[in-house]
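Scroll down for the structure; my scribbles are underneath it.
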Amino acid sequence: MANITSVQKIFDAYIKGNWKTMNWTSEKASHAWSAFWFLLISSGFAFEKNDLIEIRETCSCCTGSRYDPVWYGVYESHYSLAVRCGNLTFAYAYEKLRKRIPFIGFGLDYHRCYPGFSNHATQAKSAGRLVLRTEFGWQGETVSVTSFKDNEHSLVACAYHPDPEGYTPSKIKKRFTITVKDFKQEMTNRRKES
């Protein structure tokens, strides 16, 4: 690494400094990694687009066999937080790492997203990125994003039957596989109609 970014420096310092005063366990490591990334994202660290790729490729603790890769803690929940708190530099780096083409649209509702950050819905003229659990209208249904298929440039979103007890709905009514192309076309159509 010729040009070491601030994110790569703090990642390196974290690797060199952790587990000095207590024993490592898988559970502790999981929580610590998650908190490390949440702190960088929510405090507004500026990520370069290649930061996550560079860290994955050069960090000695992140290497493992192809059957048992070592986890270094960047997940969909971090992407969700970055999008919702406005740290798009992390979102860009995550998209590059995952080779994801972002789903950008309007009329999105983030109130069920994890981890909790704020009750925030994009306005009709304000565009946002889809993350896990984002709700939006699709083919006459209110759907929620359940997974991304980055290699196919698509996502899965589900509509749910209302729960008679008033809990979060869990019984699937309809499942949709939505491509980036279809989503962009739908957003274009909606803009023309508004």
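A few remarks follow.
- Residue count for the stretch 149-169 satisfying the condition of being surrounded by fewer than 11 Cβ atoms within 10 Å (Cβ to Cβ) and over 23 Å from the mean Cα position of the chain (by Cα): 5.
- Unmet criterion (only one of (1) small (Gly, Ala, Ser); (2) at pLDDT below 90; (3) more than 17 Å from the chain's Cα centre (by Cα)) for Ser6: (2)
- Qualifying positions in the stretch 22-51 - in a loop (DSSP other than H, G, I, E, B), over 29 Å from Ile101 (Cβ atoms) and not β-branched (Val, Ile, Thr): Met22, Asn23, Trp24
- Where a residue in the stretch 67-83 is closer than 9 Å to Val131 by Cα and surrounded by fewer than 21 Cβ atoms within 10 Å (Cβ to Cβ) and its partner, wherever it lies, is modelled with pLDDT under 85 and among the aromatic types (Phe, Trp, Tyr), with Cβ under 6 Å and at least six apart: Ser77/Tyr114
- Of the residues making up the stretch 170-188, those that are under 14 Å from Val143 (Cβ atoms) and surrounded by 15 or more Cβ atoms within 10 Å (Cβ to Cβ) are Phe176, Ile178, Phe183, Glu186.
- Candidates Val131, Val143, filtered to the one that is farther than 17 Å from Tyr75 by Cα, outside the structural domain of Tyr75 (by TED's automatic domain parsing) and modelled with pLDDT of 95 or more: Val143
- Near pairs, Cβ below 9 angstrom, 6+ apart or cross-chain, from the stretch 148-173 (farther than 24 Å from Phe103 by Cα and at pLDDT below 95) to any residue that is among the β-branched types (Val, Ile, Thr) and not in a loop (DSSP other than H, G, I, E, B): His161/Ile172
- Of the residues Glu152, Glu95, the single one that is under 30 Å from Gln8 (Cβ atoms) and acidic (Asp, Glu) is Glu95.
- Residue count for the stretch 131-144, restricted to those that are without any contact (Cβ under 8 Å) to a residue 40 or more places away in the chain, within 29 Å of Asn87 (Cα to Cα) and not in a loop (DSSP other than H, G, I, E, B): 6.
- Qualifying positions in the stretch 140-177 - of a type in the set (Phe, Trp, Tyr) and touching a Lys or Arg at 6+ places or on another chain (Cβ under 9 Å): Phe148, Tyr160
- Residue in the stretch 98-112 that is under 19 Å from the mean Cα position of the chain (by Cα), part of a helix (DSSP H, G or I), at pLDDT below 95 and closer than 23 Å to Tyr75 by Cβ present: yes
The values are calculated or read from the model by the stated rules, or taken from the named source; none is laboratory data. All values reported here derive from a predicted model rather than from experimental measurement. Quick reminder, even Gly has a Cβ in these numbers, built from the backbone with ideal geometry, and neighbours come from all protein chains shown.
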